[in-house]
1. Give the residues of the range B:15-47 that are more than 14 Å from every other protein chain (Cβ to nearest Cβ), surrounded by 14 or more Cβ atoms within 10 Å (Cβ to Cβ), among the aliphatic types (A, V, I, L, M) and closer than 21 Å to B:Asp108 by Cα, sorted by residue number.
2. Out of the residues in the range B:154-169 meeting the condition of being farther than 14 Å from A:Val43 by Cα and within 12 Å of the chain's Cα centre (by Cα), tell me which one is surrounded by the most Cβ atoms within 10 Å (Cβ to Cβ).
3. In the range A:135-145, is there at least one residue being assigned to a helix (DSSP H, G or I), loosely packed, with under 10 Cβ neighbours inside 10 Å and modelled with pLDDT of 75 or more?
4. Would you mind stating whether B:Pro367 is at pLDDT 85 or above, of a type outside the set (D, E, K, R) and surrounded by 15 or more Cβ atoms within 10 Å (Cβ to Cβ)?
5. Among residues belonging to the range A:33-60 that are in contact (Cβ under 8 Å) with a residue 40 or more places away in the chain and under 17 Å from the mean Cα position of the chain (by Cα), point out the one that is nearest to the other protein chains (Cβ to nearest Cβ).
6. Among the residues of the range B:101-114, is any closer than 30 Å to B:Val322 by Cβ, surrounded by 23 or more Cβ atoms within 10 Å (Cβ to Cβ) and within 14 Å of chain A (Cβ to nearest Cβ)?
7. Give the residue, chosen from B:Leu131, B:Leu125, B:Leu118, that is in contact (Cβ under 8 Å) with a residue 40 or more places away in the chain and either away from chain A (no Cβ under 14 Å) or surrounded by fewer than 16 Cβ atoms within 10 Å (Cβ to Cβ) (or both).
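The values are calculated or read from the model by the stated rules, or taken from the named source; none is laboratory data. Not measured: the values here are computed from a predicted model. Don't worry about glycine lacking a Cβ; one is built from the backbone with ideal geometry, like all the others, and counts go over all protein chains shown.
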Amino acid sequence: MEQFAQIQVSHLFFLAFASLAVVAAFNVILQRNPIYSAIGLIVVMCSLAGLFLTLAAEFIAAIQIIVYAGAIMVLFVFVIMLLNVREEDAKADRQKYLKFLAVPLFLALIAEVMAVLKTIGNPAASETVPGAVETVAEGMFTTYLLPFEATSVLILMAIVGSMLLARRESKEETDEIEEALTVANQPTPIVEESSEEEVHA
Amino acid sequence: MSSLINSIDFPYVLGALIKVAIFWITIMIICAYAVYAERRVLAVIQNRLGPNRVGWQGLLQPFADLIKFIFKEDIIPMSVNRALYVMAPVISLVPAMMVLIVYPFGPDDLPLPGGEFLTQVVNDLSTKLGLGWNVDLRTVDLHVTHFNVGILYVFAMTGLGVYGIVVAGWASNSKYSLLGGLRSSAQMVSYELGLSLSVVAVLLMAGTLDLTEIVRQQSGWGGMRWNIFGGTSAGEGLKSLAMAVPAIFAFFIYLISAIAETNRVPFDLPEAETELVAGFHTEYSALKFALFFIAEYVNMTTVSVLATSLFLGGWNGPFINVFPWLGPIYFLAKVFFFLFLYIWLRGTLPRLRYDQLMNFGWKFLLPAALFNIALAATIAVLVY
């Protein structure tokens with residue numbers, strides 16, 4: 001009970017956000033309906049932002065919500081709605097043997113987390129806030145300039161690649177549509193038909 | 001458990017709660033009368049009378065509408081996704097409301113009338129109850145809080161508001177609602193770019209993301225050194241006027257994006273009556289519809305507040321140093337100007353076509369905003 005004597009409000013906030021994040025994360029993987037999973041993921045992002053706030057990293061928290069909850073997840077939800085994705089069917093057959101992998105993988109994950117937790121000591125309170133705008137900007141444009149630029153090129157490549165893939169498909173489709181249109185636009189058959197009908201009448 | 005209680009700064013929390021309550025009521029009244037003003041001003045523009053029966057000149061109309069919304073039958077259609085259908089209006093309103101804690105209503109350290117007496121009363125009471133509070137109510141700050149990423153916080157919250165509309169569109173299980181929700185998500189994501197990039201020019205001038213600090217910086221020239229006139233950050237003298245060029249560009253890009261972001265005419269495609277009945281809120285009735293309605297007006301107020309604080313000097317104005325209580329009056333006057341602009345545009349402009357809207361956002365506003373950032377950065381480097 002020693003630890004409980006030192007409890008503070010920030011700890012309660014941490015507990016609230018952390019448990020919310022865990023519950024929402026379970027919601028993401030357990031739901032069959034994709035839109036519920038997406039909403040679960042949004043809640044996870046927001047509670048992570050809350051966790052960053054308890055660490056006084058306001059900038060990271062704001063960016064977390066703007067980028068993940070505000071931009072990426074909107075696109076996810078957009079796609080789910082646009083394609084009208086149905087509820088996922090239970091695919092028992094395909095995943096029959098995968099479940100035997102789950103236990104060792106879970107143990108490995110726990111071991112990893114434990115190993116990481118052991119290396120992290122109690123971080124000393126420093127003068128500069130690690131999540132402040134200036135510190136992030138300074139790191140991004142000095143120490144980590146090359147990885148930062150390389151990442152942006154990588155993202156650009158992904159965008160161009162997806163554009164190319166989408167375009168190649170639609171090129172064939174547009175060709176088909178154009179062909180159909182040229183056939184439809186030939187006026188002669190309609191005129192002939194109508195004149196024939198007149199003759200019959 | 002005593003450490004838990006000691007770790008809470010009760011006077012601060014209580015003060016913040018009181019401020020939130022006051023500001024919340026203020027914003028609610030502003031929204032209610034914005035609706036009333038919209039109906040009256042549109043009526044004038046369209047050469048008719050508008051609501052003028054409830055109270056003097058119809059001034060009690062908003063309350064009559066509210067009572068009507070509360071007592072109307074709340075219909076939940078059979079085929080909707082019930083949980084999400086009920087949640088959607090809340091998702092749309094709560095983030096919109098959460099923004100008001102960073103609204104800079106007025107200057108810091110405003111002398112509170114009767115503050116001396118209040119301070120004594122509260123301190124006496126706390127010694128009597130043994131709370132040990134030591135509060136100072138002689139001056140007040142007219143904002144709930146401020147932190148160094150204030151603007152990003154506003155963008156984060158307005159960004160979350162999209163989900164209310166999207167979820168409403170999906171959960172309603174109706175083709176009009178779904179199309180409205182899809183349109184609005186695409187539109188809001190697109191115009192958020194123009195909105196946030198136009199603000200970058202101001203951030204370059206101010207050198208901070210803190211909303212209250214940005215407003216404070218514009219207090220030069222007897223309260224008229226607004227960012228749209230070049231701001232303070234570029235130093236004294238006429239050279240700083242050069243910054244007005246990117247600021248004015250940014251102001252117009254911001255205004256256009258803000259109108260699109262709040263789904264208002266001429267960018268109100270998500271609820272285009274002629275195509276989509278009422279868009280994402282087609283299936284909503286009674287109080288749930290009212291929540292969407294309020295959220296729309298709160299969002300309008302939020303972008304007006306941002307425009308006021310970032311470009312038009314917030315609470316700054318002539319004689320602000322002599323009469324500090326002019327601050328909130330100037331602030332509200334500027335916000336009302338933007339709200340009026342919304343109504344004026346609605347009475348004037350026709351609706352855009354959807355492809356025109358998207359083209360305008362991506363092919364004109366986004367490049368223009370990027371160019372403006374480059375311009376602002378260049379001028380800033382040359383002037384400093």
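1. Of everything in the range B:15-47, those that are more than 14 Å from every other protein chain (Cβ to nearest Cβ), surrounded by 14 or more Cβ atoms within 10 Å (Cβ to Cβ), among the aliphatic types (A, V, I, L, M) and closer than 21 Å to B:Asp108 by Cα turn out to be B:Val20, B:Ile27.
2. B:Thr158
3. First pass over the range A:135-145, keeping only residues assigned to a helix (DSSP H, G or I): A:135-143, A:145.
This time we only want the ones that are loosely packed, with under 10 Cβ neighbours inside 10 Å, so: A:142.
Of the ones still in play, those that are also modelled with pLDDT of 75 or more are A:142.
Yes: the range A:135-145 contains one or more residues that are assigned to a helix (DSSP H, G or I), loosely packed, with under 10 Cβ neighbours inside 10 Å and modelled with pLDDT of 75 or more.
4. On the way: at pLDDT 85 or above: yes; of a type outside the set (D, E, K, R): yes; surrounded by 15 or more Cβ atoms within 10 Å (Cβ to Cβ): no.
Considered against the rule, which asks whether it is at pLDDT 85 or above, of a type outside the set (D, E, K, R) and surrounded by 15 or more Cβ atoms within 10 Å (Cβ to Cβ), B:Pro367 comes out as no.
5. A:Ile35
6. yes
7. Numbers: B:Leu125 fails: in contact (Cβ under 8 Å) with a residue 40 or more places away in the chain; B:Leu118 fails: in contact (Cβ under 8 Å) with a residue 40 or more places away in the chain.
Checking each option against the conditions leaves just B:Leu131.
Conditions (1) of a type in the set (Phe, Trp, Tyr); (2) under 15 Å from B:Phe10 (Cα atoms); (3) not in a helix (DSSP H, G or I), marked per residue:
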position	(1), (2), (3)
B:Gly106	no, no, yes
B:Phe117	yes, no, no
B:Val121	no, no, no
B:Lys128	no, no, no
